[in-house]
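The values are calculated or read from the model by the stated rules, or taken from the named source; none is laboratory data. Here the structure is a predicted model, which is why all the values come from computation and not from measurement. So basically every Cβ, Gly included, is an ideal-geometry build from the backbone, and we count neighbours across all protein chains shown. Just the protein is used for accessible areas: all its heavy atoms, side chains included, with ligands, DNA and RNA removed. Shrake-Rupley method; radii C 1.70, N 1.55, O 1.52, S 1.80 Å.
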Amino acid sequence: MGKTGQSSQDDEKVTAVKLGETIASRLRDEIIAGEIAPNEQLRLMPLAERLGVSTTPVREALAILDRQGLVYSRLHRSFRVTEITSRDIADVYSLHSLISELLTERATRRLSAEDLDELVALDDGQQQATREGNAILAGDLNHELHRRIHLASDSSLLLRFLRETTPFVTRQRDPDVPGWAKQRTEGHGDILQAMRDSDGPLAGKLMGEHIRRSGQLASNFATEAARETDDSAKNPALASRILD
């Protein structure tokens, strides 16, 4: 095979992996929100048809979710959704908050005034996007703000552990869990001011509290979604409302 043919195959593999990551993010949101029921079977063809893609990136997405423990496979021929409880979600946020607290404290000692100005600009941008009802853009800017703080910590081992929990605390699809908009608009001001004042312990403490509050809202959201799903099984009219 010539170099051109090999390069084309490599490009296709990279595209499939990237698309698989995007699909995994969407399915992850649906699983955590209770939109896909525990133990529900996930089949390649129906998922590919629903998402408008081939089965290759869907297979990649399911493999990602399998590694993360959100689905489990049977000889890699079929996948079923793992039961994720509201307590599991709260636990993941608690772990994420502890690591992020340490990273924020360390980052405070390393961020320059210019770095902090950029963080404030990101916060202003996500607040504006939230006010305009653009939850997806607000979520992206919020994620970037936290990402920059974490990277500034220069703590590669902690960052590695943090990445294991990040997929569970970031929603790319319908990201506005009830209460998250308020968290975004009100949650960062005191943290950024503590960082501006070079008070690392306070900035870390406030960051931990901020993430735990978001986790409680996400846990409550999952509990309510599970309750509505259970009720819909008994009430066809409610089922129609949830599915619409």
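Points to keep in mind about this one:
- Every residue from region 50-62 that is part of a helix (DSSP H, G or I) and surrounded by 17 or more Cβ atoms within 10 Å (Cβ to Cβ): T56, P57, V58, R59, E60, A61, L62
- Candidate set: region 127-152, residues that are among the hydrophobic types (A, V, I, L, M, F, W, C) and within 17 Å of G189 (Cβ to Cβ); chosen: the one surrounded by the most Cβ atoms within 10 Å (Cβ to Cβ): I149
- Criterion applied to D230, D174 was being at positive phi and at pLDDT below 95, and the one residue passing it is D174.
- L119 at pLDDT 95 or above and hydrophobic (A, V, I, L, M, F, W, C): yes
- Restricted to region 73-113, and to residues there that are touching a strand residue (DSSP E or B) at 6+ places or on another chain (Cβ under 8 Å) and either open to solvent by less than 80 Å² (accessible area, probe 1.4 Å) or of a type in the set (A, V, I, L, M, F, W, C) (or both), the residue that is modelled with the lowest pLDDT is S78.
- Looking only at residues of region 114-126 that are open to solvent by 40 Å² or more (accessible area, probe 1.4 Å) and either in contact (Cβ under 8 Å) with a residue 12 or more places away in the chain or outside any helix (DSSP H, G or I) (or both), we find that the one that is farthest from A152 (Cα to Cα) is V120.
- Within region 197-213, the set of residues being small (G, A, S) and either assigned to a loop (DSSP other than H, G, I, E, B) or open to solvent by 20 Å² or more (accessible area, probe 1.4 Å) (or both) comprises just one member, S198.
- In the set (1) part of a helix (DSSP H, G or I); (2) without any contact (Cβ under 8 Å) to a residue 24 or more places away in the chain, the condition left unmet by A194 is number (2).
- Candidates in region 1-49 are the residues that are among the charged types (D, E, K, R) and part of a loop (DSSP other than H, G, I, E, B); of these, the one that is modelled with the lowest pLDDT is E35.
- Within region 186-196, considering residues that are surrounded by fewer than 17 Cβ atoms within 10 Å (Cβ to Cβ) and either acidic (D, E) or touching a helix residue (DSSP H, G or I) at 6+ places or on another chain (Cβ under 8 Å) (or both), the one farthest from A90 (Cα to Cα): R196
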